[in-house]
Structures are given as C-alpha cells and as structure tokens.
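Take a look at the structure set out below.
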Amino acid sequence: MGAFKLLLCELKVWTLGRTKLHQGASGCGRAQFSSCRPKVCIVGSGPAGFYTAQHLIKNVINTFTHTAKHSRCSFYGNVDVGKDVSVEELRQNYHAVVLSYGAEGNRKMGVPGEDLAGVYAAKDFVGWYNGLPSCQELCPDLSCETAVILGQGNVALDVARILLCPVDILKKTDITQPALEVLAESHVRNVLIVGRRGPTQIACTIKELREMATLPGIRPEMAAADFEGVSEALKDLPRPRKRLTELLLKTALETPGEKEEEKRSQASRVWGFQFFRSPVAVLSAPGHHRTAGIRLAVNRLEGSGEGARAVLTGKVEELTCGLIISSIGYQSLPIDPSVPFDSHQAVVPNMNGRVRDAAGLYCSGWLRTGPTGVIATTMNNAFDTAHSVLQDVDSGTLDVSVTKSGSKGVVSLLENRGVKPVTFSDWEKINGVETRRGEAAGKPREKLLSVEEMLQVART
C-alpha cells in the first residue's frame, strides 16, 4: 500500500451508541435515519488510517485486511489528496474526514555539508531496501568501511542491522533483489549509532536491541565511560526502561561467556552506540563533493530520565566515515491550504483528534502527535480519534442530518479528472503477484518496484 501515495477509505458508520457501534437496518443515533447514515472519509493507508477505520467499523476486527474487506468500508488507492481531489471536496461529500497520512518529510540536521554525496535520510534509505518506488534511484554508495547513523531509535537500529547482516540471512527476507545485490558488495564493516543523550534515553525498543545484539557475525564495541552511574540509576527507572537498560548494559559491558567470546572473536563486523554527541558538520575530502567524515559536539546532560537535556560542553570530535544516515526523525507536511497546519511542530493542531476551527475534520497518527511512539501508540491514538468522531455524532456536534453523497460524489469527480482509483481487490492482485514471485525465490515476497508495474498488475 505504500506505493500509492494516499488512500481514501470510505466508512458507512451505522447505528451509533455512546461507546460502541450497534448495527441496525435503519435509524440515526438510536432512532430512525435510513437516509443519513454518517459517512466518514479517511485519508492515509498506514496503521493510523486502518486503526481508525477498524475502531469506527467494529472493535472486534483485528486485521487490516478484514477492515478493508468489510462491507461498510471502501478502499480507494492511488489517489493523491490535494492534487486529484481537495480536502474541501471531501468535506462536501462526507460528514467527517479523518487525516491519517503520517509523516512523509525528513527532518533536516541543519548542519553544513549535509547535502554532500554519501549522506542519506533514513526514511529514503529504508524506502530503498523495502522497495518504495520513489526511493529506487537512491543507489547508495556502500564502498566505505565505516558508517555513522545519527539517531538511536528503532529505525536507526534497523538500518544498522541491514548494513551488517550477513547476506545469506537477508536473502530470506522481503528485501528487494536490487538492494540485496548492492548489500552483497558492501564494504561497510563498522557502524556507529550516535545519540545526543545517554544510555537511559535511547529511543529504541528492547526487541530491536535484542535483534541487533544477537546478529551473527558482528560484535558490539562501546565506551565504558558512557555508562558511568547507569547501574546505580536502574532501581529508579520504570520497568520497560529498566529492562531495556539492563540489556544495553549486558551487551556493552558484561564479560561474555566462553561460547559468546568465541563468537565475538570470529566476528568480522562491529557496531556500537556512541552517546552524548551531536552533529556539527559533515566533512568532505579536499577537492571532493562527498562525505569523508563528521564533526560531533560533545554533550553533557542536565536533568535525568526522559526529560534530560543535552547541553554542549564546547568540545568537538571528528570521525572518519564515508556513509552518514540521518535518523533524527520524520515530519508531517501540509496537505491542503484549507487544513490548519502548525509548521513549527509539523502537526495539524487538534484537541483529541478534532482539528481546531474545522468542524467535521479530524486527524490521527503522527499527523496528530508528531513522530513518536511505536505501533501500539499509533493504534491507541487512532482509536482515540475514532472515539472522538463517534462522540461527536452521538452528541449532535457533528451534524449528520444532511445527506452526503460519500464515495459516489468523489468517484464522479475522479472519473471526470481521469483518475482511476485502485480498489482493495486490485491491491490483492499486486500482493498475490509479489507473494508468488517471493515463493519462487525462497523468500516472503519479491516486490514490484514501480507504480507503473503495480498498476499494470492491478488492472490485468
């Protein structure tokens, strides 16, 4: 679904109670309204969009496929909202419009040299090996020995794992064949994962750290000085953070057993976290327009726990590297001039998912909160927005007495503009082709790498 920029998901929300849905043949609220069943449009095909749809249709639905195939949900892919159809046109055709299109933009480092060759945004790098059509021309140069990843969240660890993972293991995943060929020729042997704060503030989850720590053929190397006082602070940490920090301490400092020591001694690749560092400049080789290193500021922390701030000490260090991947976060982008947008926070201003000063307009996911949390966070966020929609219908705040045309009106607009949406059954054709190609290659799927090829399959 990521190949199609945006999704229009139409929901016909039937009889509504205050906290859950009650299916009925007719009636508006708990009484009769067969001609004015609320119609809701969701813009976005990621987890936030589908979780919002799931909650609005029926709480017990537990998969995106079941949601998309539900009789009260219509899927329209390959529709670019803001270009093919405006948000205002959606609002004219639906009682409620929920914006769930996520964070497509990259946060800039804001340092000299970040536009040099050899510097990549993590979103684009991940899109390249995951088969996102817009990233297939990235062609990353992996001819260097050392790579620096800026950021210490799950995406940063995923990138590090892909860079260091043995190709024989990657061949069994759904990484694209072109990416496998580039990774097979990679010279990267050392990956440093840099963060501005300390060990008790890393943003990854224990699952990602465990996968990194147990990757065959690599060994961790970290500075013991970065962990001073961390063991003593364990008792005051919340349980999830405590478990994560314990695993980090074990990975970084604990003397390995005989079997693990032998494994590490045979490792040909190295990884590690470097803490208390912030990028100052990307350095180029004399006379060349590509990266040769990075200058880092040395930080100290003020405060403790999640609220600790990184403060510059005035000291700097330089590292030699030929590849820099910035994983310092994503940001949402404005979709339409009619939608309020906070450019500083890169979110749509809202209260519990209700867009401010725009009745009938809602938002969920990272567009609502900024790029924070994991998939469970997004799920709860989406459910919360869906609940706001249901509350507004039930209370009368959202006027559903006026008949809206829903998809009929929007599809008519798209047809007049020569836009042919992709249905969910079309998407299943794409999914089927990718799965069969993967089976032939001994992997979960072999992805189609261009929108044109996907559309050809979808419309066959």
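The values are calculated or read from the model by the stated rules, or taken from the named source; none is laboratory data. All figures in this text were calculated on a predicted structure; none of them were measured in a lab. Ideal geometry is used to build each Cβ from the backbone, glycine not excepted, and the neighbour counts take in all protein chains shown. Surface areas here come from the heavy atoms of the whole protein model, side chains and all, with no ligands, DNA or RNA. Shrake-Rupley method; radii C 1.70, N 1.55, O 1.52, S 1.80 Å.
Brief remarks on what is shown
- The lone criterion from (1) within 27 Å of the chain's Cα centre (by Cα); (2) modelled with pLDDT of 90 or more; (3) hydrophobic (A, V, I, L, M, F, W, C) left unmet by residue 410 is number (1).
Quick grid of which residues meet (1) modelled with pLDDT under 90; (2) assigned to a loop (DSSP other than H, G, I, E, B); (3) open to solvent by 30 Å² or more (accessible area, probe 1.4 Å); (4) not β-branched (Val, Ile, Thr):
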{"residue": "45", "(1), (2), (3), (4)": "yes, yes, no, yes"}
{"residue": "48", "(1), (2), (3), (4)": "yes, no, no, yes"}
{"residue": "53", "(1), (2), (3), (4)": "yes, no, no, yes"}
{"residue": "56", "(1), (2), (3), (4)": "yes, no, no, yes"}
{"residue": "67", "(1), (2), (3), (4)": "yes, no, no, no"}
{"residue": "97", "(1), (2), (3), (4)": "no, no, no, no"}
{"residue": "103", "(1), (2), (3), (4)": "yes, yes, no, yes"}
{"residue": "123", "(1), (2), (3), (4)": "no, no, yes, yes"}
{"residue": "128", "(1), (2), (3), (4)": "no, no, no, yes"}
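- Among residues that are in a helix (DSSP H, G or I), in contact (Cβ under 8 Å) with a residue 60 or more places away in the chain and touching a Cys at 6+ places or on another chain (Cβ under 9 Å), residue 385 is included.
- Checked against (1) touching a residue at least 24 places away in the same chain (Cβ under 8 Å); (2) open to solvent by 10 Å² or more (accessible area, probe 1.4 Å); (3) at negative phi, residue 164 meets all criteria but (2).
- Checking each residue in segment 435-460 for being among the acidic types (Asp, Glu), open to solvent by less than 70 Å² (accessible area, probe 1.4 Å) and without any contact (Cβ under 8 Å) to a residue 24 or more places away in the chain picks out only 453.
- Check on residue 111, farther than 26 Å from residue 345 by Cβ and either among the acidic types (Asp, Glu) or not in a strand (DSSP E or B) (or both): no
- Residue, modelled with the lowest pLDDT, within segment 299-317, restricted to residues that are part of a loop (DSSP other than H, G, I, E, B) and either surrounded by 12 or more Cβ atoms within 10 Å (Cβ to Cβ) or in contact with a Phe, Trp or Tyr (Cβ under 9 Å, 6 or more places away or on another chain) (or both): 304
- Segment 257-271 residues that are farther than 18 Å from residue 193 by Cβ, paired with ones that are open to solvent by 70 Å² or more (accessible area, probe 1.4 Å) and β-branched (Val, Ile, Thr) (beta carbon under 9 Å, 6 or more apart): 261/255
- Residue within segment 393-402 that is crowded, with 20+ Cβ neighbours inside 10 Å and farther than 25 Å from residue 54 by Cα present: no
- Some residue of segment 354-367 being open to solvent by 60 Å² or more (accessible area, probe 1.4 Å), at pLDDT below 95 and either within 24 Å of residue 197 (Cα to Cα) or not in a loop (DSSP other than H, G, I, E, B) (or both): yes
- Residue check, residue 348 within 16 Å of residue 102 (Cα to Cα), open to solvent by less than 70 Å² (accessible area, probe 1.4 Å), within 21 Å of the chain's Cα centre (by Cα) and aliphatic (A, V, I, L, M): yes
- When restricted to residues that are assigned to a strand (DSSP E or B) and either of a type in the set (Val, Ile, Thr) or farther than 22 Å from residue 149 by Cα (or both), segment 318-353 contains 7.
- Yes/no for residue 234 being among the aliphatic types (A, V, I, L, M), in contact (Cβ under 8 Å) with a residue 12 or more places away in the chain and in contact with a His (Cβ under 7 Å, 6 or more places away or on another chain): no
- Cβ-Cβ under 8 Å pairs, at least 6 apart or on other chains, segment 82-98 side under 10 Å from residue 404 (Cβ atoms), far side open to solvent by 30 Å² or more (accessible area, probe 1.4 Å) and among the β-branched types (Val, Ile, Thr): 95/402
- Segment 419-432: number of residues that are open to solvent by 30 Å² or more (accessible area, probe 1.4 Å) and not small (Gly, Ala, Ser): 6
- Among the residues of segment 69-95, those that are within 21 Å of residue 393 (Cα to Cα) and part of a helix (DSSP H, G or I) comprise 87, 88, 89, 90, 91, 92, 93.
- Hey, residue 337 more than 26 Å from residue 78 (Cα to Cα) and out of contact with any helix residue (DSSP H, G or I) (no Cβ under 8 Å at 6 or more places or on another chain) or not: no
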